[in-house]
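Contents: one structure, followed by commentary.
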Amino acid sequence: MEVSRSNFKEHVDTVLKDIKTCSFISCDGEFTGIRNDNFRCMPFDTIDERYEKLKQGNMKYLMCQVGLSFFFLESDGSYTVKPYNFYILPSAAASTDDTSNFVCQTSCINFLTSHGFDFNKVFRDGIPFLKPAEESKALDRLMESHEKKQKSTFKSDKLDTPTSIKPVDEKFLQQTVLQIKEFLRTAAHGDKLNLESTNSYRRKLLYGRLGEIFGDTVTVEVMGIGKQRPLIVTKVDAERKKEIELEALNKKLRELEDAVGFSQVVKEISISGKILVGHNMLLDVMYLISQFLAQLPNTYKEFKPMANEIFPKLMDTKVISSTYLFKDNIEFNSLEEMNKILHTSLYQQIDCEIAEGFPDYTNADAKFHDAAYDSFVTGKCFAIMSKHIGSQASPPVQDIISNSSLLNPFLNKLFINGLPDISYMNLSGAEAKVDRDHMYHITFPPSWQRNDICQVFYPADIYIKWIDTKSAMVTLQHRSDNKAVKKQLANSVHSCTIRSYSDWSTKPCDLTTSGDPSTAASHADSDPSQGSKPMKRAATHRNAVNNDLSRSVSKPKKKHLELSSTTTAGRQCPK
């Protein structure tokens, strides 16, 4: 079901109820941009560095569509699903500069439109949002302004007016005062007088002059937006004026409630403590927090407890699909490929029925990159994988989503892209230890090419990641070569500088600005190891999930504990 600003009020109460009563929630987001080359993610980033780069480089875009699917487990083991599509746009009237300004990335916009995304629904009818802190500040300003008006008269509360007024402006004031006096001679209480549009300077002069002459016998209301705005003068007594001010306050409070918009949905998800499922969901989680709830902290150390408190039960299907229970069958675990494999005879299927009034995604052609559809597919894949995990337990467990500890090994572990030796971040526990003793930082003359670097480390097979035209990170394909390489480097002379990863990481170069990215890219294009086959992921980091899982799930014999990799080994240097 598509929800925009025009029908949000109609559906929001039902959505909030669904959050409270569903078995679990799956989510997906679409964005106006996805990456920033000024904060390039590198395969040798630490988790802390990767978080900081994503925060600095990605949070300037807008999560313009949020897909939420609510899964209700029925007594017969089937699911009823309610998939929603929410179109999102900050309110110009209520948002701050921090939230009302966002960036669009051309490649991302083209990609979404090529998949049928309708940006007219975003820009014309997007649902506004306000973080709780912004809502609180706006409410404080409204109440402070109202209380000030209650304690003051129009005459004493007028704005300070300039002591020197130009003749043309004085003439305007006198003519307006005469017009109001003429109006008041015959006007009854509540009658209104429309004045011509004028600029903010003349409005300021007028407030002061009307306060001096008419006191509390009239109210003045500014209409419309822009520099030239009309005024409406209303004849009132003191009591009626208070009533009008109260009506104006209530109107602004309703507008503020409307401006909070989609934030109340995300807040309710947080309060519910329900399982929130996503696929490769790190960016989704960061945006759900930063855009709708609170400003992200600067460091990953601060982000971990914040995210864990806001969303205490996160499940990333990309992490789950990489465990030994699935890796043999799911070689490439993109959402689309994972969905295909999980819907084969290899796995026991589940019955999923779309609730009445919602689009029937169960029989529709694939609509990937539509947030509601992606969230539905993600949730259904999670349900199938959960059923399979339960079936492998001893004894088998039918429903592991409601209260089983079998899902604990995956809890709050979010997949991280592009790190060969780090597969996920653990928001609710210690991070797995990573050994990078086989990685080296090398600086060299700008004329060097790939073969020059290979000769330094020959005969070891290496993987090269260019930083710029004068530096790169080198990783040994086989850790067993490390002892011989260290000995070789210590006994040879080269026109380059080589530092161990541990030494370099204490004082690294600035990866956000070093070199010319376009030039570095040209090196990567000419380097086979920089193509579509990056270095194979190390297993050590993912074994923690497998070991936790194996304690309560019966493993098939001769199953290796490594999690599956979506990549193949980097190519070797020519010998």
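The values are calculated or read from the model by the stated rules, or taken from the named source; none is laboratory data. What you are looking at is a predicted structure, and each value in this text was computed from that prediction instead of being measured. Methodologically, a virtual Cβ is constructed for each residue, glycine included, from the backbone with ideal geometry; neighbour enumeration extends over all protein chains shown. To get the accessible areas, we keep the full protein, side chains included, count just its heavy atoms, and leave off ligands, DNA and RNA. Shrake-Rupley method; radii C 1.70, N 1.55, O 1.52, S 1.80 Å.
Just the residues that are more than 24 Å from E268 (Cβ to Cβ) and open to solvent by less than 30 Å² (accessible area, probe 1.4 Å), please, taken from segment 20-47. The answer is T32, G33, N36, M42, P43, F44, D45, I47.
Would you check if there is a residue in segment 129-143 being at pLDDT below 90, open to solvent by 30 Å² or more (accessible area, probe 1.4 Å) and more than 30 Å from Y87 (Cβ to Cβ)? Yes; the residues of segment 129-143 include at least one that is at pLDDT below 90, open to solvent by 30 Å² or more (accessible area, probe 1.4 Å) and more than 30 Å from Y87 (Cβ to Cβ).
Only a single criterion out of (1) part of a helix (DSSP H, G or I); (2) in contact (Cβ under 8 Å) with a residue 60 or more places away in the chain; (3) among the hydrophobic types (A, V, I, L, M, F, W, C); (4) open to solvent by 10 Å² or more (accessible area, probe 1.4 Å) is not satisfied by I271, namely (2).
Restricting attention to segment 48-76 and to residues that are under 17 Å from T362 (Cα atoms) and of a type in the set (G, A, S), the residue that is surrounded by the fewest Cβ atoms within 10 Å (Cβ to Cβ) turns out to be G67. In segment 186-202, the residue that is modelled with the lowest pLDDT out of those that are within 16 Å of T234 (Cβ to Cβ) and open to solvent by less than 50 Å² (accessible area, probe 1.4 Å) is G190.
Does K235 fit the bill of being among the charged types (D, E, K, R), farther than 30 Å from F415 by Cα, in contact (Cβ under 8 Å) with a residue 40 or more places away in the chain and surrounded by 18 or more Cβ atoms within 10 Å (Cβ to Cβ)? For K235, the condition - among the charged types (D, E, K, R), farther than 30 Å from F415 by Cα, in contact (Cβ under 8 Å) with a residue 40 or more places away in the chain and surrounded by 18 or more Cβ atoms within 10 Å (Cβ to Cβ) - is met. Every condition in (1) open to solvent by 10 Å² or more (accessible area, probe 1.4 Å); (2) out of contact with any strand residue (DSSP E or B) (no Cβ under 7 Å at 6 or more places or on another chain); (3) more than 26 Å from T113 (Cα to Cα) holds for E353 except the one numbered (2). For N408, indicate whether it is more than 30 Å from L476 (Cβ to Cβ), open to solvent by 30 Å² or more (accessible area, probe 1.4 Å) and in contact with a helix residue (DSSP H, G or I) (Cβ under 6 Å, 6 or more places away or on another chain). Judged against the criteria, N408 is not a match. The combined condition, being within 17 Å of V277 (Cβ to Cβ), of a type in the set (A, V, I, L, M, F, W, C), open to solvent by less than 70 Å² (accessible area, probe 1.4 Å) and at pLDDT below 95, is not fulfilled by I310. Given the options V220, V260, name the one that is buried (at least 16 other Cβ atoms within 10 Å of the Cβ), over 30 Å from E431 (Cβ atoms) and at pLDDT below 85. Going through V220, V260 in turn, the sole match is V220. State which residue is surrounded by the fewest Cβ atoms within 10 Å (Cβ to Cβ) when the search covers only segment 315-334 and only residues that are of a type in the set (V, I, T) and assigned to a helix (DSSP H, G or I). Within segment 315-334, the match that is surrounded by the fewest Cβ atoms within 10 Å (Cβ to Cβ) is V319. Counting only helices (runs of 4 or more DSSP H) that fall entirely inside segment 9-114 and contain at least 1 residues that are hydrophobic (A, V, I, L, M, F, W, C) and under 21 Å from L282 (Cα atoms), the qualifying elements are 47-58, 106-114. Within segment 145-160, is even one residue among the charged types (D, E, K, R), part of a helix (DSSP H, G or I), at pLDDT below 80 and surrounded by 11 or more Cβ atoms within 10 Å (Cβ to Cβ)? Checked segment 145-160: at least one residue is among the charged types (D, E, K, R), part of a helix (DSSP H, G or I), at pLDDT below 80 and surrounded by 11 or more Cβ atoms within 10 Å (Cβ to Cβ).
Within the set V493, V434, the sole residue that is out of contact with any Asp or Glu (no Cβ under 7 Å at 6 or more places or on another chain), open to solvent by 10 Å² or more (accessible area, probe 1.4 Å) and modelled with pLDDT under 90 turns out to be V493. Among the residues of segment 175-199, the ones that are part of a helix (DSSP H, G or I) and either in contact with an Asp or Glu (Cβ under 8 Å, 6 or more places away or on another chain) or among the small types (G, A, S) (or both) come to 1 in all. Output the residue which, of all residues in segment 274-292 that are under 19 Å from E30 (Cα atoms) and open to solvent by 30 Å² or more (accessible area, probe 1.4 Å), is farthest from the chain's Cα centre (by Cα). The extreme case among them is N280.
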